[in-house]
Each structure stands twice: as C-alpha cells, then as structure tokens.
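**Q** Next up is a structure, given as structure tokens.
The values are calculated or read from the model by the stated rules, or taken from the named source; none is laboratory data. Quick caveat: nothing in here was measured; it's all calculated off a predicted structure. Cβ placement follows ideal geometry from the backbone for every residue including glycine, while neighbour counts extend to all protein chains displayed.
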Amino acid sequence: MLTTILAAGGTAAAENQFGLQQALKEGGLISQSVFSILVLMSVVSFYILFSKLFEQQKILNQAKRVRQGFWQSNSLKEGSAKLEKNSAYKQLVDDGLAAQEQHAKLTDPVEAHDWLHGSLARSEAAINSKLGGGLAFLATVGATAPFIGLFGTVVGIYRALIKIGASGDPSIDKVAGPVGEALIMTALGLVVAVPAVLAYNWLQRRNKSIAEDLSAFSNDVLGFLASNGAVKPSIAGAAPKAPVKPAAATTTAGQAGGVQTRS
C-alpha cells in the first residue's frame with residue numbers, strides 16, 4: 001500500500017514538471033509578460049462583447065416600441081414624448097425638430113430638405129459611431145493575439161534550447177518537455193483570438209441591422225417634416241381594409257343564370 005502511494009506521488013511530481021506554471025517559470029519575464037497581455041486581452045474582449053450586446057438589445061427593444069405606437073401620435077413632439085429619455089430614436093426625432101427650427105433662422109437660402117437630411121444624417125452617424133465603439137479593439141485582438149502567443153513560444157523555445165545545450169544532454173525527454181511547454185503560448189494566443197474574431201463579426205452584423213432600421217426611421221421622419229405631417233408611414237398592426245365585392249359582376253352572373261333558366 002505504501003509502495004503504491006509513493007509511486008502515485010512520484011508520477012504526480014513528474015507530471016507537474018511540465019505545464020503552464022513551469023512554462024512561465026522557464027520562459028522568464030518575457031513569457032510572463034506575454035501571458036499577462038493575453039489574459040488582459042481576453043478579459044477586455046469579453047467585457048466589450050457583453051456590454052455591446054446589452055447596448056444593441058436596448059436599441060432593438062426601442063425599435064419594437066417605436067413600431068408599436070410612435071406613428072400613432074398626432075405630431076413628432078407628441079411621439080418623442082412617448083420615447084425613453086436616452087433612446088436613439090428620440091435623438092433622431094429631436095435632432096430633426098431642432099433642424100426644422102434652425103432652418104427658419106437661416107439667412108442664406110438653403111433647401112429645407114437638404115438641411116433636414118444633413119442634420120438627420122449627422123445624428124445617425126453619431127449613433128452608429130457609439131455602437132461601433134470598442135469593435136476596433138476586438139479586431140486588433142483577433143489579428144495580433146496569435147502573433148503575441150507565437151512570440152512567447154519562440155522565446156520559450158530559445159531559452160529551452162539554450163538550457164539543454166548548456167546541460168549537454170540532448171535526449172528526447174530533455175527536448176520534448178521544454179519545447180512542448182513553449183507551444184502553450186501559441187495555443188493561448190489562438191484561444192484569445194478566435195472568440196474576439198467571432199464576437200467582432202457578430203456585433204458588426206447586428207450593428208448593420210440596427211443601422212438599416214435607424215436609416216429607415218430617419219427617412220420616415222424626414223418625409224413627415226418635409227410634408228408637414230402629410231406623409232406618414234403605415235401603422236403596424238392596423239386592420240387591413242376589406243376588399244370591395246364585385247357587385248356588377250355578380251349581377252351579370254345572376255342575369256346570365258336567369259336567361260339560362262328560361263331556356
């Protein structure tokens with residue numbers, strides 16, 4: 001029994017000679033710095049992912065509320081009062097109303113449509129820029145993390161080979177362990193980079209969908225302002241009009257049937 005316990009302890013000690021901790025110890029300050037940078041990149045990447053998902057979902061929920069009741073209001077000011085204070089759609093409406101008031105104060109002749117369109121476009125750009133904040137970091141992590149990990153691997157292999165050469169024992173067990181440890185850094189670089197790339201592409205696709213919806217809403221606001229309320233998009237959920245029955249055709253068919261009965 002004692003022999004079995006000692007053998008198990010010896011095996012565990014041999015296994016602990018290789019691993020992440022041993023690789024960081026053998027790699028020195030450079031490997032430790034690379035590991036810290038990769039961990040920091042991963043933490044910030046996941047923070048950006050979850051914070052942007054929350055921000056995007058908030059705007060998507062605002063879009064649902066706009067489709068449900070905004071255009072049922074009699075005026076844009078009344079509809080804007082129904083929206084949340086920090087709503088992206090409220091920002092578009094308020095900027096459009098402000099641009100309409102500013103146009104009346106202009107001394108140079110400027111087309112109202114061009115002035116309103118430019119103001120709404122600037123408002124859209126500000127919202128899209130806020131939504132895109134942090135995505136550049138995800139792209140940077142996806143592009144550079146594998147190379148940072150590879151740098152740690154190169155340094156680890158270099159130090160391992162120097163140590164093996166100084167010991168004068170180039171056997172396979174002395175070479176495979178340290179080299180395998182150094183490759184851990186490359187694996188860590190890939191583990192950090194792949195989620196960052198996936199998150200970047202996913203968030204970009206969601207931002208594109210939100211931007212398209214904001215652009216459509218901005219165009220509706222522009223049409224409403226330019227027409228003094230005459231042009232308004234159809235209200236979602238409104239009951240469709242009943243189709244008109246072809247009365248003339250029915251009468252004709254009845255008469256035709258009467259003629260056939262007489263015969």
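**Q** Check whether at least one residue in region 112-122 is within 23 Å of residue 58 (Cβ to Cβ), modelled with pLDDT of 90 or more, more than 17 Å from the chain's Cα centre (by Cα) and not basic (Lys, Arg), and report yes or no.
**A** Within region 112-122, one or more residues are within 23 Å of residue 58 (Cβ to Cβ), modelled with pLDDT of 90 or more, more than 17 Å from the chain's Cα centre (by Cα) and not basic (Lys, Arg).
**Q** Condition (residue is surrounded by fewer than 12 Cβ atoms within 10 Å (Cβ to Cβ) and of a type in the set (S, T, N, Q)) applied to region 44-52: is it met by at least one residue?
**A** No, because not a single residue in region 44-52 is surrounded by fewer than 12 Cβ atoms within 10 Å (Cβ to Cβ) and of a type in the set (S, T, N, Q).
**Q** Just to be sure I understand the filter: pairs with C-beta atoms under 7 Å, separated by 6 or more residues or on different chains, first member in region 137-148 and without any contact (Cβ under 8 Å) to a residue 60 or more places away in the chain, second member not aromatic (Phe, Trp, Tyr). Which pairs pass?
**A** Note: pairs meeting the criteria are 142/193; 142/196; 142/197; 146/189; 146/190; 146/193.
**Q** Kindly indicate the residue of region 67-112 that is small (Gly, Ala, Ser) and exposed (fewer than 14 other Cβ atoms within 10 Å of the Cβ) and also farthest from residue 232 (Cα to Cα) among those meeting that condition. Full working, then the answer.
**A** Of the residues in region 67-112, the ones small (Gly, Ala, Ser) are 69, 73, 75, 79-81, 87-88, 96, 98-99, 104, 112.
Next cut, exposed (fewer than 14 other Cβ atoms within 10 Å of the Cβ) only: 75, 81, 98, 104.
On the way: 75: 10, 81: 18, 98: 19, 104: 22 Å.
Going through the qualifying residues, I end up with 104.
**Q** Report whether or not residue 160 is surrounded by 17 or more Cβ atoms within 10 Å (Cβ to Cβ), of a type outside the set (S, T, N, Q) and within 30 Å of residue 35 (Cα to Cα). Spell out how you get there, then give the answer.
**A** Details: surrounded by 17 or more Cβ atoms within 10 Å (Cβ to Cβ): yes; of a type outside the set (S, T, N, Q): yes; within 30 Å of residue 35 (Cα to Cα): yes.
Judged against the criteria, residue 160 is a match.
**Q** Among the residues of region 62-78, how many are within 30 Å of residue 138 (Cβ to Cβ) and either at pLDDT 90 or above or touching a helix residue (DSSP H, G or I) at 6+ places or on another chain (Cβ under 6 Å) (or both)?
**A** The qualifying residues number 3.
**Q** Surrounded by fewer than 10 Cβ atoms within 10 Å (Cβ to Cβ), at pLDDT below 80 and of a type in the set (Lys, Arg), is that true of residue 245?
**A** yes
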